[in-house]
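What follows is one structure encoded as structure tokens, with my remarks underneath.
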Amino acid sequence: MDSTETLPPFSTVSSSALSFLNDNLANAQGLARASNFATELDAQCRDLDRSLTELNRALESKLSAYASFSDRSNSLFSHVNVKLTDLASATRSPSSVADGSRTADHILGEELPALAKEVARLETVRAYAETALKLDSLVGDIEDAVSSTMNKNMRKHSSTKNSEDMRLLAIKRLKQAEDVLTSVTKTRPQWSHLVAAVDHRVDRALAILRPQAIVDHRALLTSLGWPPPLSGLTSSIPDTKTSSEVPNPLFTIQGDLKHQYCENFIALCCLQELQRRRKSRQLEGHNREVALHQPLWAIEELVNPISVACQRHFSKWIDKPEFIFTLVYKITRDYVDSMDELLQPLVDEAMLVGYSCREEWISAMVTTLFTYLAKEVFPVYVGQLDEESITGIQSQARVSWLHLVDLMISFDKQIKSLVAQSGILLSLQEDGNSQKISSLSIFCDRPDWLDLWGEIELADALDKLKHETDDNRNWTMKVQGAALLFGTEDYKSPAVSSAFLRCLSSMVDRCRSLPTISSRSRFLRLAGAPIIHKFLDCLLMRCQEAEGLTALTDDDAVIKVANSVNAAHYFESVLKEWCEDVFFLEMGSCQDDQIGPSLVDNNVSDGPTEGSVSAIFDEEIKKFEEFRMEWVEKLSVVVLRGCDARCREYIKNRRQWQEKNEDGWTVSKTLVGALDYMQGKMSVIQESLNGVDFVGVWRSLAAAMDRLLFNGIIMSNVKFKDDGVERLGCDMEVLFGVFGAWCLRPEGFFPKLNEGLKLMKMEEKQLQGSVVGGETWMKENRMRHLRVFEVEKIVRNRVFTS
């Protein structure tokens with residue numbers, strides 16, 4: 001009864017105290033440990049009294065320091081006031097007028113600037129002192145709040161709400177301190193020591209505050225039932241359509257627990273935003289974007305326990321990686337909506353700029369996947385490939401590697417569809433962001449694995465193409481369908497060119513999945529360019545075989561070369577069309593920096609002209625052009641060589657240009673055989689060669705025939721009489737007629753023969769003017785392709801009969 005009399009009246013006890021007593025002394029067990037509980041309360045009260053005493057001492061010392069500083073400031077301002085009073089009296093006294101300009105100059109030139117400098121110094125000192133005191137007060141509050149949070153967490157009966165309030169107070173003071181530091185950095189850069197000292201103290205506080213906040217957040221997630229059980233997901237991996245729905249703890253939480261989680265989430269986001277601001281200020285003038293954008297801490301805490309839980313299942317599916325991808329995608333898809341609906345508003349409330357919870361969730365899950373692949377799966381495959389290269393025994397490592405890459409490409413497409421649903425796909429196209437949501441970014445971190453992948457893809461492609469090149473029917477059958485035509489041009493390309501293009505297109509499609517331009521360029525140079533070189537080598541080998549067997553005198557050999565030229569032109573036209581796309585132009589801009597000299601053709605070649613934009617296949621396109629030009633020229637040389645052999649007698653017969661023409665004569669008989677051979681060969685070439693390159697053949701042949709007949713007949717010092725000129729003119733009309741099947745004005749492609757005949761058909765008086773007139777006469781008579789000495793020689797050999 002005595003003990004009850006010492007208790008205060010019930011009405012005077014506060015509600016919080018009553019609640020506290022009811023919670024701890026509600027049953028017999030609580031009453032049994034009442035004495036221990038009283039001892040703990042006494043100890044806590046003594047700790048609080050001690051803390052209060054220390055705070056009073058600190059406040060007293062700060063007030064004393066401020067009073068001392070105030071006294072010094074008052075003394076300085078009093079000194080300034082005395083100086084100003086003396087200055088005013090000096091300017092108003094009669095003696096100052098007598099002294100005149102000397103005193104005024106002294107005051108304006110020396111005393112006023114010194115006074116202004118002293119006032120500015122005092123103002124700077126005052127501002128520095130006020131800023132230092134303000135920062136010291138804020139940092140002191142931060143340290144006290146962090147210390148209080150740690151002490152409460154170490155006590156068994158501390159209030160979670162009070163701990164969270166102290167953390168929020170610390171974050172608030174941290175933001176205020178950061179505002180001051182940002183202002184000081186911009187307006188007073190010379191106060192760098194003050195900023196560094198405050199940063200040092202704040203860093204120590206953050207080193208305690210952030211880990212503790214994360215620990216509390218993890219404990220809260222555990223109480224929510226996170227991570228959700230994966231058994232319902234993994235049991236239905238082979239058939240995801242029949243999977244049972246696993247409840248989402250983020251949607252099922254209610255009441256105070258939901259409020260507590262939201263407050264904790266916001267506090268963690270505020271802390272990250274504060275850290276981002278500090279880094280932005282400290283990295284001013286440097287490449288800040290790389291260091292500023294870190295994964296969202298709160299989302300990482302959601303993903304980390306799921307990642308640990310998934311590892312146990314992943315280890316069982318090393319031989320069935322499709323299950324791994326299915327599980328990761330299913331988890332990502334099932335919980336992505338809660339990121340948008342529940343967590344994104346909290347991030348916005350925390351004013352954490354530039355973060356999408358949906359994107360961060362997807363990115364973190366993808367990171368979990370490719371981290372596991374990089375540590376557990378790819379090293380196994382690489383080891384098997386190394387062993388295969390040593391022993392020479394074929395294994396399934398290459399097949400497994402290609403199968404895994406197929407799964408990664410398919411997974412990335414599914415992930416991009418998830419991202420697209422939020423409407424942020426455009427932002428992810430920026431370099432760096434797309435890498436976060438791609439499992440293939442593993443190859444960006446490991447270029448050696450990218451090279452290995454390129455080698456495997458190339459070897460697999462060349463094995464498939466070997467059957468296509470060995471089948472002779474693919475070299476005779478033409479490409480069918482719309483793919484054959486570009487505009488109105490028919491390239492008459494053999495089917496083998498389509499096989500190589502399909503293979504190359506497949507490489508391009510696979511390289512599109514890589515997240516960075518540099519990795520795409522490197523892969524395409526490793527796996528795509530060698531396919532083009534292989535095709536060009538096949539074409540060159542077939543042409544050389546045809547040339548070596550019959551020197552291209554046989555029609556079959558000519559057709560074989562024509563088919564190869566057609567294939568090269570078709571392939572070249574497709575590459576040119578591709579390279580007009582931005583996708584290929586971007587890769588071309590960085591290919592020289594990514595591929596070593598061992599992978600680049602070291603042949604001397606003219607680079608792109610200044611101001612031009614290079615594409616990734618520019619070198620290969622140039623090689624196709626050179627190949628076509630070389631073999632088109634050889635086809636024209638073959639025809640020329642045959643014509644030369646058959647018209648040799650015609651050229652050597654010098655007497656025919658001085659003889660009288662026979663009745664009924666039309667064309668020289670010795671020329672007929674050569675023209676017949678030319679028509680036969682050209683018809684074979686025209687039938688088998690594409691139209692563009694055939695134009696090159698007949699134009700080259702025309703130029704060669706022009707030189708051959710002009711030098712062999714007109715410039716051979718033979719005398720031409722009237723009948724000889726007429727005979728030569730008729731012969732050339734027949735020659736022009738052969739080429740008239742391919743152009744409207746064939747004589748224009750025989751400039752020297754045409755002008756030589758024109759010159760010989762002139763009257764004697766007109767030709768006499770050429771001797772005196774020289775170049776002027778030639779211009780007047782439109783002789784553009786002959787030189788002066790050639791005109792003189794033709795005129796000398798022209799014989800006129802009276």
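Which value, in Å² rounded to 10, gives the accessible area of Val146 with a 1.4 Å probe and all protein chains present?
Accessible area, nearest 10 Å²: 10 Å².
Report the FRET efficiency, 1/(1 + (r/R0)^6), for Ser192 and Cys743, where r is their Cβ-Cβ distance and R0 is 51 Å, rounded to 0.05.
Calculated transfer efficiency: 0.05.
Rg (Å, one decimal) plus Dmax (Å, integer) for the alpha carbons of the stretch 307-434?
Taking only Cα atoms of the stretch 307-434, I get Rg and Dmax of 17.7, 62 Å.
Please compute the contact order of the stretch 272-398 in relative form: average sequence separation of alpha-carbon pairs under 8 Å and at least six residues apart, divided by the residue count, as a percent.
That works out to 26 percent.
Please compute the per residue accessible area over the stretch 442-546 with all protein chains in place, 1.4 Å probe, rounded to a whole number of Å².
Averaged over the residues of the stretch 442-546, the accessible area is 43 Å².
At a 1.4 Å probe, what is the % contribution of carbon and sulfur to the accessible area of the stretch 349-468?
C and S atoms contribute 54 percent here.
Please name whichever of Asn690, Ile713, Gly680 sits farthest to the positive end of the charge dipole of the stretch 680-727, dipole taken about the Cα centre and charges placed at Cβ: Lys and Arg +1, Asp and Glu -1.
Value: Ile713.
If you rank Leu55, Leu169 by how much accessible surface each has, with a 1.4 Å probe, what is the order from largest down?
Listed by decreasing accessible area, they come as Leu55, Leu169.
Using a basic spin-label model with each label point 7 Å from the Cα along Cα→Cβ, how many nm lie between Glu388 and Gln766?
8.0
What residues of the stretch 623-648 lie in the reach of a label at Arg699, counting those whose backbone N is under 13 Å from a point 7 Å from the Cα along Cα→Cβ?
Under cut-off, by backbone N: 629, 633.
Between Lys779 and Asn36, how many nm apart are label points set 7 Å from Cα along the C-beta direction?
Output for this residue pair reads 12.1 nm.
With a 1.4 Å probe and every protein chain left in place, tell me how much accessible area Arg787 has, in Å² to the nearest 10.
Only protein atoms counted, so the area is about 130 Å².
Just to verify a number: FRET efficiency for Asp460 and Arg641, C-beta to C-beta distance, R0 = 41 Å, to 0.05? Intermediate values should be presented prior to the final figure.
On the way: r = 45 Å, r/R0 = 1.09.
Efficiency, rounded to the nearest 0.05: 0.40.
Could you provide, to the nearest whole Å², the per residue accessible area of the stretch 713-760 with probe 1.4 Å?
Working: 1820 Å² over 48 residues.
Counting only protein heavy atoms, the per-residue value for the stretch 713-760 is 38 Å².
State, in angstrom, two size descriptors of the stretch 690-802 derived from its alpha carbons: Rg to one decimal place and Dmax to the nearest whole number.
Over the stretch 690-802's Cα set, Rg and Dmax evaluate to 15.0, 53 Å.
Less than 21 Å apart at the alpha-carbon level, and either on another chain or at least 8 residues along: which lysines does that give for Lys375?
Lys316, Lys320, Lys436
What percentage of all Cα-Cα pairs in the stretch 528-581 are separated by more than 19 Å?
35
Between Glu580 and Ala207, what length in nm is gained on full extension when 0.36 nm per residue of separation is reduced by their alpha carbon distance? Provide the component values of the computation, followed by the final result.
Numbers: separation 373, 0.36 × 373 = 134.28 nm, distance 5.34 nm.
Here the answer is 128.9 nm.
What do you reckon, how do Ser68, Ser338 stack up by accessible area (1.4 Å probe), largest on top?
Result, largest first: Ser68, Ser338.
Which of the residue pairs Lys623/Lys681; Lys721/Lys761; Lys62/Lys134 have a Cα-Cα distance greater than 18 Å in the structure shown?
Where the Cα-Cα span goes over 18 Å, the pairs concerned are Lys623/Lys681.
Taking R0 as 22 Å, what's the FRET efficiency between Arg655 and Cys730 from their Cβ-Cβ distance, rounded to 0.05?
FRET efficiency, Arg655 to Cys730: 0.80.
Any lysines with Cα under 16 Å of the Lys186 Cα? List them, leaving off those in the same chain fewer than 8 positions away.
Candidates past the 8-residue exclusion: Lys279.
How much length is gained if the chain between Val795 and Lys316 is pulled fully straight, taking 0.36 nm per residue apart and subtracting their Cα-Cα distance, in nm to one decimal?
Working: separation 479, 0.36 × 479 = 172.44 nm, distance 9.73 nm.
Length gained, Val795 through Lys316: 162.7 nm.
How big is the equivalent ellipsoid of the stretch 639-749 along its three axes, where each semi-axis is √(5λ) from the Cα gyration tensor, reported in whole Å from largest to smallest?
Sorted largest first and rounded, they come to 26, 13, 13 Å.
Return the Rg/Rh value of the stretch 307-354, two decimal places, where both radii are evaluated on C-alpha atoms and Rh is the Kirkwood radius.
Result for the stretch 307-354 is an Rg/Rh of 1.20.
For the cross-link pairs Lys492/Lys758; Lys464/Lys492; Lys660/Lys793, which exceed 31 Å when the distance is taken from alpha carbon to alpha carbon?
Check vs 31 Å cut-off fails for Lys492/Lys758.
Which value, in Å² rounded to 10, gives the accessible area of Lys758 with a 1.4 Å probe and all protein chains present?
90
Using 0.36 nm per residue, how much length does the chain from Arg787 to Gln44 gain when fully extended, once their Cα-Cα distance is taken away?
Values: separation 743, 0.36 × 743 = 267.48 nm, distance 11.63 nm.
Using 0.36 nm per residue and subtracting the Cα-Cα distance, I get 255.8 nm.
The values are calculated or read from the model by the stated rules, or taken from the named source; none is laboratory data. Predicted model only: the values in this text are computed from it and were never measured. In this analysis, Cβ positions are derived from the backbone assuming ideal geometry, glycine residues included, and neighbour counts consider all displayed protein chains. What goes into the accessible areas is simple: the full protein's heavy atoms, side chains included, and nothing from ligands, DNA or RNA. Shrake-Rupley method; radii C 1.70, N 1.55, O 1.52, S 1.80 Å.
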